[in-house]
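A.B. asks: Let me begin by handing over the structure; questions about it come next.
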Number of protein chains: 2
Amino acid sequence: MQRIIDFILELDKLKGVTRKTRPLGLERYENSAEHSWQIAMLASSLAHHAGSAIDIHRVIGMLLVHDIGEIDTGDTLVYAEGGWEERKAAELAAVKRIFGLLPEPQGAAFLALWREFEQGETPEARFAHAVDRAMPVLLNLANEGQSWRENGVSHERVVRRIAPPIKAGCPALWEYLEARLDEARQKGWFGA
Amino acid sequence: MQRIIDFILELDKLKGVTRKTRPLGLERYENSAEHSWQIAMLASSLAHHAGSAIDIHRVIGMLLVHDIGEIDTGDTLVYAEGGWEERKAAELAAVKRIFGLLPEPQGAAFLALWREFEQGETPEARFAHAVDRAMPVLLNLANEGQSWRENGVSHERVVRRIAPPIKAGCPALWEYLEARLDEARQKGWFGA
């Protein structure tokens, strides 16, 4: 029992890892813990739009654990270019440390979910990636492009980065976003 | 698709609903969105300690939706006494409004999870309640009783409020907490 408690208190640190997007109507930046909750809810709500048949419970499990490595590494803007491999190696070391706080079967189960997400090969992992990529875009679309403008991110860079994973995991969501991103470009909500 | 997007943006407001506990090492108060993520992780980690056989996926579903009514009502300290029925009626009206943003089958599924949690009768709901009640206690035990001291909450009041649901849903967790709460009393971490 003590190992489970140590683990859950270690997870508390994810509440202090800030992202680049602000929650709607709030001045502060979003943190990775509340983001993880929101994308689990988005995945549940969107499940019947997935590109293939999926086990939604595994998707939710992946989304709940996928950012935990940021406890050691911090968040990186998805549009950052370069340094991706080093970053992924650091996140793997982090989740091994953190999931290793738990007794073996549960720690191994979380690590398997984390790896499945990272590898992105199963229909569940592809759907989970689509949801994870879409959420900050939805917030930016509701926020006049706040994080795109603050970070100098262009329409082209957003589309290049998110179109492939969202199309692959949830085609109906990409169809919706493509039109909205076009409107956002016309409104001048991008940063470059 | 637009209805799902409207729903998920409405959920963003839960990030602005503050609770009485502070995340470890942070000055601000915890919000109900990040709390919902953390208890989903605690439930997963503790599942094999549940008092009865449970479907952990339904537990996680309940924990992800159980606080959504607070978007309209705000959070209330669990040790508040009185006003409980009015509060629950207001939360029901809130979740009907919010889940009603979604297309019918998904909105109804979330409402069913929310009601199952509130009714607290299934083994899954009892386990979910145990986890939800335990999390702020674990943070207080790691925080020298921060929210107990700030709100004048006594050891007796904590035990009276949390012992029955935690014993019912996760006896091993109660056994652990009972001893830790006793130590905390000796250290003077309660507020009255």
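A.B. asks: Angle, helix B:123-141 long axis vs. longest principal axis of chain B, Cα atoms, 0 to 90°, nearest 10?
C.D. replies: Once rounded, the angle reads 50 degrees.
A.B. asks: Further question: Mind checking the angle between helix A:155-169 and chain A's longest principal axis? C-alpha axes, 0 to 90 degrees, to the nearest 10.
C.D. replies: 50
A.B. asks: Taking only the alpha carbons of the range A:131-178, what extent do you get along each of the three principal axes, in Å, biggest first?
C.D. replies: Per principal axis, max minus min of the Cα coordinates gives 28, 19, 16 Å.
A.B. asks: Trypsin sites (Lys or Arg not before Pro), restricted to the range B:18-126: which are DSSP loop and have at most 15 other Cβ atoms within 10 Å?
C.D. replies: Answer by residue number: B:ARG28.
A.B. asks: For chain B, just the Cα set please: Rg and Dmax, both in angstrom.
C.D. replies: 16.7, 55
A.B. asks: Take the alpha carbon atoms of the range A:138-176, find their center, do the same for the range B:4-42, and report the distance between the two centers in whole angstrom.
C.D. replies: Taking the Cα centre of the range B:4-42 as reference, the centre of the range A:138-176 is 24 Å away.
A.B. asks: A further question on this structure: State to the nearest 20 debye the size of the charge dipole of the range B:112-192 about its Cα centre, where the only charges are +1 on K and R beta carbons and -1 on D and E beta carbons.
C.D. replies: 220
A.B. asks: Beyond 20 Å between alpha-carbons counts as too far, so tell me which of A:LYS15/B:LYS88; A:LYS13/B:LYS20; B:LYS20/B:LYS96; A:LYS13/B:LYS187; A:LYS96/B:LYS20; A:LYS13/A:LYS96 fall in that bin.
C.D. replies: Exceeds cut-off: A:LYS15/B:LYS88; B:LYS20/B:LYS96; A:LYS13/B:LYS187; A:LYS96/B:LYS20.
A.B. asks: Compute and list, largest first, the equivalent-ellipsoid semi-axes of the protein assembly as shown from the alpha carbon gyration tensor, each √(5λ) rounded to a whole angstrom.
C.D. replies: So the equivalent ellipsoid measures 34, 23, 20 Å along its semi-axes.
A.B. asks: So which GluC sites (Glu not before Pro) in the range B:1-60 are both in a DSSP loop and have at most 14 other Cβ atoms within 10 Å of their Cβ?
C.D. replies: Of the GluC sites (Glu not before Pro), the ones in loops of the range B:1-60 whose Cβ has at most 14 other Cβ atoms within 10 Å are B:GLU27.
A.B. asks: Oh, and also: Are there GluC sites (Glu not before Pro) in the range A:80-164 that DSSP puts in a loop and that have at most 15 other Cβ atoms within 10 Å, and which ones?
C.D. replies: Sparse-neighbourhood loop GluC sites (Glu not before Pro): A:GLU81, A:GLU121, A:GLU144.
A.B. asks: Per q in 0.24 Å⁻¹, report the Debye log10 I(q)/I(0) for the range A:76-135, using one uniform scatterer on each alpha carbon and no solvent.
C.D. replies: With one equal scatterer per Cα and no solvent, log10 I(q)/I(0) is -1.10.
A.B. asks: While we're on this one: Rounding to the nearest 10 and keeping the result within 0 to 90°, find how far the Cα-based axis of helix A:84-99 lies from the longest principal axis of chain A.
C.D. replies: 40
Every number in this text was worked out from the coordinates using simple rules, so none of it is lab data. Treat the numbers as computed from the prediction; the structure is a model and nothing was measured. Positions of Cβ are backbone-derived with ideal geometry, glycine not excepted, and every protein chain shown enters the neighbour counts.
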